[in-house]
1. With (1) within 23 Å of Asp162 (Cβ to Cβ); (2) in contact with a strand residue (DSSP E or B) (Cβ under 8 Å, 6 or more places away or on another chain) as the list, and Asn235 as the residue in question, which single condition is left unmet?
2. How many residues are over 19 Å from Ser48 (Cα atoms) and open to solvent by 50 Å² or more (accessible area, probe 1.4 Å) if we restrict to region 96-128?
3. Yes or no: Ile143 touching a helix residue (DSSP H, G or I) at 6+ places or on another chain (Cβ under 9 Å), more than 30 Å from Asp259 (Cα to Cα) and aliphatic (A, V, I, L, M)?
4. Restricting to region 229-273, give me the number of residues that are of a type outside the set (Asp, Glu) and within 15 Å of Leu56 (Cβ to Cβ).
5. Can you say whether Glu196 is in contact with an Asp or Glu (Cβ under 6 Å, 6 or more places away or on another chain) and in contact (Cβ under 8 Å) with a residue 60 or more places away in the chain, as far as the supplied structure shows?
6. Any idea which of (1) more than 21 Å from Ile193 (Cβ to Cβ); (2) open to solvent by 10 Å² or more (accessible area, probe 1.4 Å); (3) outside any strand (DSSP E or B) is the one Asp89 doesn't satisfy?
7. Say whether the condition of being closer than 28 Å to Leu271 by Cβ, among the β-branched types (Val, Ile, Thr) and not in a loop (DSSP other than H, G, I, E, B) is met by at least one residue in region 99-116.
8. Quick one: which helices (runs of 4 or more DSSP H) sit completely within region 137-252 and have at least 2 residues that are modelled with pLDDT under 95 and surrounded by fewer than 18 Cβ atoms within 10 Å (Cβ to Cβ)?
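The values are calculated or read from the model by the stated rules, or taken from the named source; none is laboratory data. Being a predicted model, the structure only gives us computed values, none of them experimental. Here the Cβ is made from the backbone with ideal geometry for all residues, glycine too, and neighbour counts use every protein chain on show. Side chains are part of the model used for accessible areas, which takes the heavy atoms of the whole protein and leaves out ligands, DNA and RNA. Shrake-Rupley method; radii C 1.70, N 1.55, O 1.52, S 1.80 Å.
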Amino acid sequence: MKKKLFGLAALAVVAVGLVACGGGNNKTDDSKTAGSDKESSVLKVGASASPHAEILEQVKPILKKEGIDLEIVQFDDYILPNKNLAEGDLDANYFQHIPYFNLAVKENNYDFANAGGIHIEPMGLYSKRIKDIKDLKDGATIITSNSESDWGRIITILQDADLVTVKDGVDLEIATFEDIDKNPKNLKFIHNINPEVLTTTYNNDEADLVAINANFAYTAGLNPLKDSVLLEKDNSPYVNIVAVRSEDKDSDKIKKLVDALHSKEVQDWILEKWDGSVKPVDK
């Protein structure tokens, strides 16, 4: 049986999402008047700490000029941002790529919409044991997360490096490790660890290769372009998006948020901040 996207990790227990503003898990205050100026001017967006929350900080002054007060709520996991959005505790979230979003919507019956793609973060495989993939030994262990939406992404990286192939007709975007056809180095895969724990796994040297999502890599001081042994190619479909409830997709505040994130000022800042390893998109 395939592991579900939101299954519990076998090797780690996740702490609940940390919130920078102290209110990420609180229900909306019903005592506020929905039509008040204060209520209508606030836009509450959930985000991963890096790079998402850092990018949103650059958007704050732009939205302020539009009369919108951006409130950023930081999370350190991949479950609560969508859960809190569905429950109305957030107006939007900005932390996930499109395949993860699609799978989350499917498995949880969320009534969400993609309000716009903002950037791509390259997935990397990191190692404390080798500097060059040519030195990877037969029978090496690769640790990945339990996020099924990332498995095809990792398999694609390995296939591009001529380490594995998948069965004919398999869509790489939704491939699982069971779809691997040829594995000449007899690589072993462990994929039951939560994404936010992978940097600890890497620092503890628990495998020959560890696949780490870029936002967690940045937080741990890793640069995908400089520090990874294998890196995703530039044609990745894993664009990080702003997600909203479907009813809010065309709201004025959401449109202004996405427009600000697509502005040349913010996109140039993204490229400079991460030396090109975070690549902005404009749709």
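1. The one condition Asn235 does not meet is (2).
2. Counting residues in region 96-128 that are over 19 Å from Ser48 (Cα atoms) and open to solvent by 50 Å² or more (accessible area, probe 1.4 Å) gives 6.
3. Values: touching a helix residue (DSSP H, G or I) at 6+ places or on another chain (Cβ under 9 Å): yes; more than 30 Å from Asp259 (Cα to Cα): yes; aliphatic (A, V, I, L, M): yes.
So Ile143 fits the description; yes.
4. Pass one, region 229-273, residues of a type outside the set (Asp, Glu): 229-231, 233, 235-246, 249, 251, 253-258, 260-264, 266-267, 269-271, 273.
Retained after the next criterion (residues that are within 15 Å of Leu56 (Cβ to Cβ)): 240-244, 253-254, 256-258, 260-263, 266-267, 269-270, 273.
Selection size over region 229-273: 19.
5. Details: in contact with an Asp or Glu (Cβ under 6 Å, 6 or more places away or on another chain): yes; in contact (Cβ under 8 Å) with a residue 60 or more places away in the chain: yes.
Yes.
6. Just one mismatch for Asp89, condition (2).
7. no
8. On the way: elements: 151-160, 198-203, 214-219, 224-227.
Qualifying helices (runs of 4 or more DSSP H): 224-227.
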